[in-house]
Amino acid sequence: MILVVSLIARLSCDLDCKFRADSVYSHKQAVDCIRSVKLDVENLEQDRVINILDEIVQNDVFLDIIQSPQGSYETQTDVKEELSKLRDKKYETAEAFYSDVGTIFTDLKNPHSLFTKPCQANFTFALPFGIQATVDETTDPISIIITLTDLPTQYAKITDHYLTALKGKDYRNCVVTGVFPNEQGEYQDAYQGIREWANTHVYRSRIESSRFNAAIRSDFAIRRVATMQIPEEKILLKVKNTDTGVEENIELPFLSVVQGDFDKMDDICPIYVPPEESHPKTDPMSFSSISSARRRSTKDLELPRPQVTNTTTSNSKVAVILDSKYIKAYQTDVKVGDATEKAAILRIPDFNPEVEEMEWYLTNLTKSFELFKTNGITRLLVDLRANPGGYVALGLRTLQYMSPNLYPVMGQYDVRYSDLHTALDKQDELTLVNRHEYKSTKHVTEWYKAAVKRKFKNTKGVAFEYNYSKLYSIEICDDERQWEKAYRVLKKGAPITFDQQHLMFLTDGLCSSTCANVLKRADEAYLGRVYHLGGFPGEETTNVDIASAPGGSVLDSEWLFPLVQEYSKEKGFENKPVHFVRNGSLLRWTYEEIYSTNNKTSTIPQEFTLNEPDTVIHLYPNNNDFSLEGYETIMDHISPHLNQCQEWEVKISERCAPDTKNHLLKGHPCSPQGEFDEDNCVSAKCEKGYFNMYEGSDIFHCVPIPVHGEENAPWMLLLPLLIVVAGMVVSVVVSIVYCVVRNSKNLYRKMKTN
């Protein structure tokens, strides 16, 4: 026994765990090093981590509803019960334990509730080639073809290493006809096999079509094992050479790259050691720290993107009119029936600019709309594909900039009761934004303390209740206070706007987090048509959602632990965790859940509502889909749909007299044939400055849009009192002046008489 232990220890010492960011490593070397890290039994690592997770998940607003979710959400999970099951398991390595922890959260299919695993957080595994999907319309039924292709640019060194150092064969452009052979050597159809794999292993969305898109864009070929599972050493495929027609069975290895330079595994995931001297007392978390926590929450949502250099070529009908880091704008001619119109494409990669570059984002956004106006653009396509989110206010204010009459801009939220939330509320750490009821504009002061009991069912179907805060809306976000002057531009509206017939949104279902809030808000307010790239031929819009992970506000343990440490001596913060056992661990959760303001879905959190697109186009992610040629292909596919209206559309017309008394505009409805009924007039929308109290229904009750924002700042709440006081001061001054003047006149008369 002693000999075996000594041998294992010696083998562990013989491992070469020196990694450099510019190198490529074998699967075996990377995995052996990751699995060489043992659990710290002496410090009770397993139990302590489970205790910390059990404490923090109490703050997740979805903890109850996911036990028996509503709508199209597929997963039923009792997270606390799953964590408790890990207590009885015996683990030797950190990788085995943390992989099981990670699986609990990835199985939720919600990237807002996610655990980043230490020790392997810096490793990424990838095949030598990526994959892409195309539709073969010559078959009946229509089929999807999977082809091997280039990896995104940042992983090109893996392909180079495979072809040069390993002398591998180049299979790019070969068609994958089979995957995942069984014991008898029978291969599964490539499309069906990858689709099933994505349903099990891709966590980025609860929607099947979005998971498939994520698998095609990156997740099948590129495994970020900070959150995903370590892949097998190689994958078996059946491929066909498109030139020769020859089919062969091949093996492709997973190779590894590392983020950063490390000499040993202890450099990657050391046990946390508290400093000998306590940290100096820091200021409580400010607005900016909350913002950065929410902004950071997008980092694991982001998919690898191809690095495209956009240059206008003689072969492309699409021209670049603005190219910046955060905003890209293009222009092209598009056929609408027999006519040709000028269309623009606005590409927004994310709503997550660096703090010092916020004004750069806003400058380029406003500049693009000025160009649209100058160039005579009549249609606008807003491309939100693979947008991972960012600042909530920036995303929704950007939408408001495009549609200035949008109200409410943001939805309604609530928060789950927990011991930690109660303690934070006592320290005013949960009141960093203005909260109000959007219809009445009444300021919500007791939003947390006034408990609302909500009913749920657990995974066994047993009913239970739990306390949540009141519903509230938000009109000033924490990050808005940082950039108040800059945001003011967005609230004024763009120099050119587009109605619902001429404003379009493009998605692949992977518009996530803040982006999902933006797109779902646009969809519910009927601001424009939504085109979805992806889906499954023959299944149309079945289980297709325009966005993923709308969630609400997201926080993580990096934000929480310093705050708990700050208030460690205050009531409610005693014995709360201030750090995970091992560096590199991170838990993210949804702090607030957002509800729609659309009357049809206002009782269900957006996370569990299905917003189907207006049109599904069977184009799938590839390395060229953000290039000029890619946009040309997309516009060619959208063009045939532009002359057909959607059933919810109403075309404002001068032939339909407005209802001025009720502040209501009227127009022609869309007929079942996809054409506007010019002989019929119906209610369309509220006139400028008014909003419909019953959004999403056939009932229109237009009321003035309240002037939210600065008046909800603390000093504005005192405005009525200040006005009264000012009035009294003016009255006193006037009285004094009057008395002085009157006395002066009397004195003058007396002097004159004398």
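The values are calculated or read from the model by the stated rules, or taken from the named source; none is laboratory data. Quick caveat, the model's predicted, so the values are computed rather than measured. All Cβ positions, glycine included, derive from the backbone under ideal geometry; neighbour counts span all protein chains shown. Surface accessibility is based on the protein's heavy atoms, side chains included, excluding ligands, DNA and RNA. Shrake-Rupley method; radii C 1.70, N 1.55, O 1.52, S 1.80 Å.
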Practice prompt. Calculate the dipole size of region 120-199 relative to its Cα centre from +1 charges on Lys and Arg beta carbons and -1 charges on Asp and Glu beta carbons; express the result in debye to the nearest 20.
Written response: 480 debye
Worksheet item: Just going by the charge dipole of region 62-140, with Lys and Arg at +1 and Asp and Glu at -1 on Cβ, which of Ala94, Gln120, Gln132 is farthest out on the positive end?
Response: Ala94
Worksheet item: In the full protein assembly as shown, how much of Tyr487 is accessible to a 1.4 Å probe, in Å² to the nearest 10?
Response: 0 Å²
Item to complete: Take each of the peptides 453-463, 598-608, 394-404, average the number of other beta-carbon atoms within 10 Å over its residues, and list them starting from the highest.
Response: 394-404, 598-608, 453-463
Response to the item:
Going residue by residue through region 519-535, the Karplus relation 6.51 cos²θ - 1.76 cosθ + 1.60 with θ = phi - 60° gives ³J(HN,Hα) values, rounded to whole Hz and with x marking Gly or Pro, of 5, 5, 5, 4, 5, 5, 8, 6, 7, x, 7, 10, 9, 10, 8, x, x
Worksheet entry | ³J(HN,Hα) computed for each position of region 100-117 - Karplus, 6.51 cos²θ - 1.76 cosθ + 1.60, integer Hz, glycine/proline x | 5, 4, x, 4, 4, 7, 5, 5, 6, 6, 9, x, 7, 10, 8, 10, 8, 7
Worksheet item: So how do 369-375, 112-118, 619-625 stack up, highest first, on mean other-Cβ count within 10 Å?
Response: 112-118, 619-625, 369-375
Worksheet entry | Of the trypsin sites (Lys or Arg not before Pro) in region 67-106, those whose Cβ has at most 11 other Cβ within 10 Å and which sit in DSSP loop | Arg87, Lys89, Lys90
Worksheet item: How long, wide and thick is region 525-567, going by the Cα atoms along their three principal axes, in whole angstroms, largest first?
Response: 56, 25, 13
Worksheet, complete the sentence: With DSSP loop assignment and no more than 11 other C-beta atoms within 10 Å, the GluC sites (Glu not before Pro) in region 94-188 are Glu137, Glu183, Glu186
Worksheet item: Mind checking which lysines have their C-alpha under 24 Å from Lys569, skipping anything on the same chain fewer than 8 residues away?
Response: Lys281, Lys426, Lys449
Fill in: Hz values of 3J(HN,Hα) by residue in region 197-214 - Karplus curve (6.51, -1.76, 1.60), Gly and Pro given as x
4, 4, 4, 8, 9, 8, 9, 5, 7, 8, 9, 4, 5, 6, 5, 5, 4, 5
Practice prompt. Measure out, as a whole number of angstrom, how far apart the alpha-carbon centroids of region 613-681 and region 108-139 sit.
Written response: 34 Å
Item to complete: Sticking with the crude label model, points 7 Å out along Cα→Cβ, report the distance from Asp40 to Glu632 in nm, one decimal please.
Response: 5.8 nm
